[in-house]
Number of protein chains: 2
Amino acid sequence: MNGAQALIRTLVACGVDTCFANPGTSEMHFVAQLDAVPEMRAVLGLFEGVVTGAADGYGRMADRPAVTLLHLGPGLGNGIANLHNARRARTPVVNLVGDHATYHRHYDAPLTSDIESLARNVSGWFRSSASTAALPRDAAEAVSAARSAPGRVATLVLPADVSWDDGGVPAAPVAPLVAGRVPEEIIDVAAQALRSGEPAAVLIGGRAVRERGLVAAHRVAARSGAKVLGETFPARLERGAGLPPLERLSYLAEFASAQLAGLRRLVVVDCRAPVSFFAYPGKPSYLVPDDCEVIILAGDGDDPVGALEALADAVGAAPDAAPVAPSSRPAPPTGALTGPAVAAALGALLPEGAIVSDEAQTSGVWAPDATAGAPRHDWLTLCGGAIGQGMPLATGAAVACPDRPVISLQADGSAMYTLQSLWTQAREGLDVTTIMCSNHAYAILDLELSRVGVEKPGPRALGLLDISTPPIDFVALAHGMGVPATRPADSAALMNDLSAALTEPGPHLIDVEIPRG
Amino acid sequence: MNGAQALIRTLVACGVDTCFANPGTSEMHFVAQLDAVPEMRAVLGLFEGVVTGAADGYGRMADRPAVTLLHLGPGLGNGIANLHNARRARTPVVNLVGDHATYHRHYDAPLTSDIESLARNVSGWFRSSASTAALPRDAAEAVSAARSAPGRVATLVLPADVSWDDGGVPAAPVAPLVAGRVPEEIIDVAAQALRSGEPAAVLIGGRAVRERGLVAAHRVAARSGAKVLGETFPARLERGAGLPPLERLSYLAEFASAQLAGLRRLVVVDCRAPVSFFAYPGKPSYLVPDDCEVIILAGDGDDPVGALEALADAVGAAPDAAPVAPSSRPAPPTGALTGPAVAAALGALLPEGAIVSDEAQTSGVWAPDATAGAPRHDWLTLCGGAIGQGMPLATGAAVACPDRPVISLQADGSAMYTLQSLWTQAREGLDVTTIMCSNHAYAILDLELSRVGVEKPGPRALGLLDISTPPIDFVALAHGMGVPATRPADSAALMNDLSAALTEPGPHLIDVEIPRG
């Protein structure tokens, strides 16, 4: 058995059975062995950003890693932006990067580069496998690292000769590190802070924004009078009717500061104390009020849900104290297409168990409210700020959850980074409905231009934020990659098109032309 | 004057007046100052791989750098693959990467990452500017580094506060290091080697494959009996009727070894001694015969053309000894569309002064022969092996040379990495004719699969090389980005469409369906 086959068998034994791939010559032995190990499913992406973003979406929904397959340093480079997002989301990903044969590297052939320097940028674990004998154990350790709490990108470099040499023996799984129980002393400190009677909040993120964490945080709040806040960009938020609702911190530091104003105690659970996304002249970067004490209840590697449940018990909260969102849907929109109309259509039609990949930027600000009372669903956001994540993420989520409808709520500017996702959706017959919010602008930069203090921007500056010339025709682009697409003329047509897309299996795209900003 | 304006004024003073940009919030002050310095032209790309590949194409044709504008680590990540190609091409590029404000970095906001580790992978020069006072001089030094022989990617990181703070004073240009004269002793060594009477070749690349270098190398050959070989993937090869022809080393190591077989002396000029592009089981990586002496006539930073001219004189070559390619064009193709038919159409119609960006891979192997006697033109190839370069390179070449027709000879699989180039071509009205060779496969990997020793690949392996399902419709994709496109049914229609595209200004795409392999 060569190294490649032993590697694939080890991955499968470790619970990694999905490979998002964009291979080249140095990965051909791995590719050839896919026929020997049919338990491994290979999903082709036409661009590495699709591959890595799909691995992120898969990992968020499956709670176990997929493996990527990338071609040397440049292939990894193309995947860096979405690996950055996965790193920020703390998604388990096994990031497999093919390399030249070990003895070939020093010849500095054209595709040679310093892969490690690139990989370190996004990886919580890194190893370049040195031999076929070591490879299976390296793979098992990579999976273990990826799965160890709270989850991370583990990059394994696979030299071609390590892959093709014979003598591979599959390795047994290596147990990942599980989340650690938070010591009682820390629970007590948090409980005491909440009992102080001072204005307080519990800020939750990461694993704490799924049902159990939400329930526990809201129990704490109901008993202590603290408010519950959610991190701005959660990796996977469980929400909808019957679940405790979550007020997320605003992306806009001005608004986030208002949400935090007056607090004297902030209990932080599985996320960071809030900082401004960008710096702005004369404005603070750190958003917690000066006189607010921050208590880290659970950080990286801790069990945030257990800690919240212990805290709820410590403050004496009743088991059923958490409020839940009532079932409600907005009225179907009528008239012209606008951001609020898109949100209302989504809220009116969102199916039970849906997964929403939200990269709608300025066009999507109304969507969370409009879907708050829709049937239970998952909401995935852009944790790392590197745009071009939404469509790959939706693709990977659909691979992970073939029985759940996926909505890709997408801004047009961001879509153009990784639009090749549509082809993979068509090839795999994935049930992804893309709602393309086409305002023909980098509209968020209009806002940012004023926020950074630019008054009266000139036509050349504004020209760089405008993508209306030539207009991008997403219906044509979707058709070009085998995805059925429509462009509704008004809200009634949008309701029809969205309803049809959600009913039919396979991918669809709805291009919604909405006014800018 | 703020830092951004002082930076732009410095760049312009240093001869850098074109900015390929995909900016975000941290770059908004730079963007705002574009109106204050209209000498700087900003060209928007919808994806950073377009931006960096265009800067490569621009630099190759203009012989001076453009400046990029990228958004933090993830934006740089998206640009890495084509910066890798630019590094291998030794193209002068000033790679400007926006960053958080200096004081904001330690908050580890979502978009924060280790930019330097990414940048070092592709940069021959790196600096993160520390203050508004230092910024203009940093920029002048970046330009100098980019322009210093033989040319390199110089990355300058621009923190937002360094950009927005006041007190910027434009800096004067810093003289680049010019190519060094090769010592006479080395010329003598090479001359002696060639006088030995042993089988010899002069292998030229880099700057030596433009007219003067070609003439000098062929003078040497005519006098000494050596043969002239060209590196496999030259950055910019001047060729066509009236210029000395160049036999390039084959990409396939098997063929390259045959070209090198029997040589006892190899004089290497502005390129590397040949190595195999990839390693293959049981095959050598270093392609020079064991008993062949390698003489490096001119390496990085040396003046290769001066060295070749000195060598020609040293061996006593006549000034007019270099043969030139006769003017000739292939007969217009007829019948079905094939790779040879595409090549014949290109050879039949290639306009005087054209620039060809060649990323046609297996579909393009006939094109160099078919155009060898066409009117004089430039031929740009993929120096770094990171596919997805061709269309951005054509875009940048067209910006650098608005009066010259650009042909983007493109493979379909490679096209899908940076297809967004079409939008920039449409927006800027660039005279680029894309000939899309659609064989619906990563056909080169079919070949590589057998070259790495895989016998009888299975259906799952072959499935990863097949991009026919769904078929990619490049006419629809081009229309979706505002580029007129056609799909000729046969060779006669291809001749018509190509002739029309070359006659009309602005971008066009011709989707040529050809058989795989």
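Counting residues in segment B:362-371 that are within 14 Å of another protein chain (Cβ to nearest Cβ), surrounded by 24 or more Cβ atoms within 10 Å (Cβ to Cβ), within 19 Å of the chain's Cα centre (by Cα) and polar (S, T, N, Q) gives zero. If you go through segment A:101-123 one residue at a time, do you hit one that is over 30 Å from B:Thr232 (Cα atoms) and more than 14 Å from chain B (Cβ to nearest Cβ)? Among the residues of segment A:101-123, not one is over 30 Å from B:Thr232 (Cα atoms) and more than 14 Å from chain B (Cβ to nearest Cβ), which makes the answer no. Among the residues of segment B:273-297, those identified as assigned to a loop (DSSP other than H, G, I, E, B) and surrounded by fewer than 17 Cβ atoms within 10 Å (Cβ to Cβ) are B:Ala273, B:Pro281, B:Gly282, B:Lys283, B:Pro284, B:Pro289, B:Asp290, B:Asp291. Taking segment A:220-243 as the range and being in a strand (DSSP E or B) and within 20 Å of A:Asn85 (Cβ to Cβ) as the test, the residues that pass are A:Gly230, A:Leu237, A:Glu238. Among the numbered conditions (1) at pLDDT 95 or above; (2) over 16 Å from A:Pro368 (Cα atoms), the only one that A:Ser250 does not meet is (2).
Reported count of residues in segment B:466-493, each being polar (S, T, N, Q) and within 8 Å of chain A (Cβ to nearest Cβ), is 1.
Residues in segment B:271-309 that are within 21 Å of B:Arg195 (Cα to Cα) and among the acidic types (Asp, Glu): B:Asp290, B:Asp291, B:Glu293, B:Glu309. The sole residue among B:Gly316, B:Gly388 that is in contact (Cβ under 8 Å) with a residue 24 or more places away in the chain and either aromatic (Phe, Trp, Tyr) or surrounded by 21 or more Cβ atoms within 10 Å (Cβ to Cβ) (or both) is B:Gly388.
Taken as a whole, the structure leaves A:Arg87 outside the set of residues that are at pLDDT below 95 and at the interface with chain B (Cβ under 9 Å from one of its Cβ atoms).
Scanning segment B:159-205 for residues that are in contact (Cβ under 8 Å) with a residue 60 or more places away in the chain, within 28 Å of B:Gly124 (Cβ to Cβ) and in contact with a Lys or Arg (Cβ under 7 Å, 6 or more places away or on another chain) yields a count of 2.
Condition check: touching a helix residue (DSSP H, G or I) at 6+ places or on another chain (Cβ under 9 Å), modelled with pLDDT under 95 and part of a loop (DSSP other than H, G, I, E, B). Does B:Pro351 satisfy that?
no
Determine, yes or no, whether B:Arg60 is in contact with a Lys or Arg (Cβ under 8 Å, 6 or more places away or on another chain), in contact (Cβ under 8 Å) with a residue 12 or more places away in the chain and basic (Lys, Arg). Considered against the rule, which asks whether it is in contact with a Lys or Arg (Cβ under 8 Å, 6 or more places away or on another chain), in contact (Cβ under 8 Å) with a residue 12 or more places away in the chain and basic (Lys, Arg), B:Arg60 comes out as yes. Taking the numbered list (1) part of a loop (DSSP other than H, G, I, E, B); (2) aliphatic (A, V, I, L, M); (3) touching a Leu at 6+ places or on another chain (Cβ under 6 Å) in turn, B:Ala217 passes all entries but (1). When A:Cys401 is tested against (1) surrounded by fewer than 24 Cβ atoms within 10 Å (Cβ to Cβ); (2) over 26 Å from A:Arg152 (Cα atoms), only condition (2) is not met. Is it the case that A:Asp490 is within 19 Å of A:Leu337 (Cα to Cα), of a type in the set (D, E, K, R) and in contact (Cβ under 8 Å) with a residue 24 or more places away in the chain? Here the answer is yes, as A:Asp490 does meet what is asked. Run down A:Ala139, A:Ala86, A:Ala101 and say which single residue is buried (at least 19 other Cβ atoms within 10 Å of the Cβ), closer than 27 Å to A:Cys271 by Cα and in contact (Cβ under 8 Å) with a residue 24 or more places away in the chain. Among A:Ala139, A:Ala86, A:Ala101, only A:Ala86 is buried (at least 19 other Cβ atoms within 10 Å of the Cβ), closer than 27 Å to A:Cys271 by Cα and in contact (Cβ under 8 Å) with a residue 24 or more places away in the chain.
In segment B:451-465, the residues that are more than 7 Å from every other protein chain (Cβ to nearest Cβ) and surrounded by 17 or more Cβ atoms within 10 Å (Cβ to Cβ) reach residues that are part of a helix (DSSP H, G or I) and not hydrophobic (A, V, I, L, M, F, W, C) with C-beta atoms within less than 6 angstrom, at least six apart or across chains, in these pairs: B:Leu465/B:Asp446.
Looking only at segment B:417-429, which residues are hydrophobic (A, V, I, L, M, F, W, C) and surrounded by fewer than 24 Cβ atoms within 10 Å (Cβ to Cβ)? Hit for segment B:417-429 is B:Ala426, nothing else. Residues of segment B:1-20 that are hydroxyl-bearing (Ser, Thr, Tyr) and either on the phi > 0 side of the Ramachandran plot or assigned to a helix (DSSP H, G or I) (or both): B:Thr10 alone. Being in contact (Cβ under 8 Å) with a residue 60 or more places away in the chain, assigned to a helix (DSSP H, G or I) and crowded, with 18+ Cβ neighbours inside 10 Å is a condition met by no residue of segment A:254-269. Looking across segment A:184-200, the residues that are surrounded by 16 or more Cβ atoms within 10 Å (Cβ to Cβ), closer than 15 Å to A:Val269 by Cα and touching a helix residue (DSSP H, G or I) at 6+ places or on another chain (Cβ under 8 Å) come down to A:Ile186, A:Ile187, A:Ala190, A:Ala191, A:Leu194, A:Ala200.
Among the residues of segment B:300-313, the one identified as surrounded by fewer than 20 Cβ atoms within 10 Å (Cβ to Cβ) and either within 19 Å of B:Glu247 (Cβ to Cβ) or touching a Gly at 6+ places or on another chain (Cβ under 7 Å) (or both) is B:Gly301.
Would it be correct to say that A:Pro136 is modelled with pLDDT of 95 or more and assigned to a loop (DSSP other than H, G, I, E, B)? No; evaluated as a whole, the condition is false for this residue.
For segment B:498-517, a residue qualifies if it is within 15 Å of B:His479 (Cβ to Cβ) and either touching a strand residue (DSSP E or B) at 6+ places or on another chain (Cβ under 6 Å) or surrounded by 17 or more Cβ atoms within 10 Å (Cβ to Cβ) (or both), and the qualifying residues are B:Ala501, B:Pro507, B:His508, B:Leu509, B:Ile510, B:Asp511.
Do we have any residue at all in segment B:350-358 that's within 14 Å of chain A (Cβ to nearest Cβ) and within 30 Å of A:His106 (Cα to Cα)?
Of all residues in segment B:350-358, those within 14 Å of chain A (Cβ to nearest Cβ) come to none.
Within segment B:350-358, none of the residues are within 14 Å of chain A (Cβ to nearest Cβ) and within 30 Å of A:His106 (Cα to Cα).
A quick yes/no check of all residues on (1) buried (at least 19 other Cβ atoms within 10 Å of the Cβ); (2) farther than 23 Å from A:Asn85 by Cβ; (3) more than 20 Å from the chain's Cα centre (by Cα):
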| site | (1), (2), (3) |
| --- | --- |
| B:Gly79 | yes, no, no |
| B:Val94 | yes, yes, no |
| B:Leu111 | yes, no, yes |
| B:Ala130 | no, yes, yes |
| B:Ala133 | no, yes, yes |
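For segment B:12-35, taking the residues that are among the hydrophobic types (A, V, I, L, M, F, W, C) and farther than 13 Å from B:Ser163 by Cβ, the one that is surrounded by the fewest Cβ atoms within 10 Å (Cβ to Cβ) is identified as B:Val12. Going residue by residue through segment A:230-242, is there one that turns out to be within 14 Å of chain B (Cβ to nearest Cβ), among the acidic types (Asp, Glu) and in contact (Cβ under 8 Å) with a residue 12 or more places away in the chain? Looking for residues that are within 14 Å of chain B (Cβ to nearest Cβ), among the acidic types (Asp, Glu) and in contact (Cβ under 8 Å) with a residue 12 or more places away in the chain, one finds at least one in segment A:230-242, hence yes. Output the residues belonging to segment B:494-508 that are within 11 Å of chain A (Cβ to nearest Cβ) and in a helix (DSSP H, G or I). Those that are within 11 Å of chain A (Cβ to nearest Cβ) and in a helix (DSSP H, G or I): none in segment B:494-508.
The values are calculated or read from the model by the stated rules, or taken from the named source; none is laboratory data. Values in this document were obtained by computation on a predicted structure and should not be read as measured data. Cβ: placed from backbone, ideal geometry, glycine included. Neighbour counts: every protein chain shown.
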